[in-house]
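> Dropping a structure here in structure tokens format, bear with me for questions.
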Amino acid sequence: MKEYTKKVIIFDAGALISLSLNGLLDELQKLKKIFNGNFLITEQVKSEVIDKPLKIKYFELEALKVQQLLEDKVLEMADSYGINNSLISNRTKEIMNIANGLFISSKNKINIMQLGEASCLALSKILHEKGIENVIVIDERTTRMLVEKPENLKDLLERKLHAKMILVKKDFSHFKGFKIIRSAELMYVAWKKNLINLKKGDVLDAVLYALKFKGCSISDEEIDEIKRIK
């Protein structure tokens, strides 16, 4: 019977795109070599970051880079842990139905969570049930706030969508217990472990701001917080 490592990092599509656009996939590979566990993605994330982009010339190169990570076993599919894809799909639908039914605006339902993000939460929950410690790398702010500070989500959505939000049902219990980090925190670890091959200048500052400007939802204040824990 195959043995599975008890530590997993789950990647959302947005985080992989952020790392790819900023030329940080080599650092991701180095992190994998020293991580006593596995980097997993779901079929839904693979579709978003590889399958669909491969058909669009503008995104083809980034898709090929991530596909190479999959072929090199830096990233692995969730089914490598013996988890049935149909189980992830069913759990994903449940999570999306709950998340996207929380708020309405002018009587219209507001979709606050995408398929890939929901699949990451679904996989995380399944791994937790198997006793496997895991964290999810998500760069998008809305899903992270739903998990970490749901009481602030209404204000965030109103600022983001420029519309008045009504909380239909205060049903945040489904989103408790998930551990989420961003690509910024992941690259902080890479910097701390001396895995970034730049020796001159404020490398950490440069990496964090590059991620901020290309995909990762992080504020200047949050960057300062990370830099203070050098």
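Bear in mind these aren't lab numbers, they're just calculated from the coordinates by the rules spelled out. Quick caveat: nothing in here was measured; it's all calculated off a predicted structure. Methodologically, a virtual Cβ is constructed for each residue, glycine included, from the backbone with ideal geometry; neighbour enumeration extends over all protein chains shown.
> Amide H to amide H, which residues 5 or more places from residue 136 or on other chains are under 5 Å from it, using H placed in the peptide plane?
Hits under the 5 Å cutoff: 10, 179, 180, 181.
> Region 50-113: which chymotrypsin sites (Phe, Trp or Tyr not before Pro) are DSSP loop and have at most 12 other beta-carbon atoms within 10 angstrom?
58
> Also, I was wondering about something else. How far is the Cα center of region 89-150 from the Cα center of region 14-50, in Å?
19
> How much of the pair distance distribution for the chain lies past 32 Å, counting alpha-carbon pairs only, in percent?
Beyond 32 Å sits 20 percent of the P(r) for the chain.
> Restrict the search to region 149-202; then list the trypsin sites (Lys or Arg not before Pro) that DSSP places in a loop and that have at most 16 other Cβ atoms within 10 Å of their Cβ.
164, 169, 170, 176, 179, 193, 199, 200
> Still on this model: Using Cβ counts within 10 Å as a stand-in for footprinting exposure, how do 35, 172, 213 rank, fewest first?
Least to most surrounded, the residues fall as 213, 35, 172.
> Using the membrane-span-like helix rule (whole DSSP H runs, Cα extent along the own axis of at least 18 Å, mean Kyte-Doolittle hydropathy at least -1.0), which helices of the chain qualify?
85-99, 115-129
> Which of 20, 119, 173 comes first, and how do the rest follow, when ranked by fewest Cβ neighbours within 10 Å?
Ordered from fewest to most neighbouring Cβ atoms within 10 Å, 20, 119, 173 come out as 173, 20, 119.
> Check residue 38: other-chain or 5+ apart residues with amide H under 5 Å from its amide H, H built from backbone geometry?
7, 8, 9
> Same structure, new question: When 105, 86, 217, 124 are ordered from fewest to most other Cβ atoms inside 10 Å of their Cβ, what list results?
86, 105, 217, 124
> Short version: what are the Cα gyration tensor semi-axes of region 40-114, square root of 5 times each eigenvalue, largest first, in whole Å?
Working from the Cα gyration tensor, I get semi-axes of 29, 19, 8 Å.
> What does the charge count around residue 111 come to, taking other residues whose C-beta lies under 14 Å from its C-beta (Lys +1, Arg +1, Asp -1, Glu -1)?
+1
> Go ahead and estimate [θ] at 222 nm for the chain from helices alone: -39,500 (n - 2.57) per DSSP H run with n ≥ 4, summed, over the residue count, rounded to 500.
The helix contribution divided over the chain gives -14500 deg cm²/dmol.
> Now for a different question. Express in % the proportion of alpha carbon pairs of region 26-152 at distances exceeding 23 Å.
In whole percent, the long-distance tail amounts to 39.
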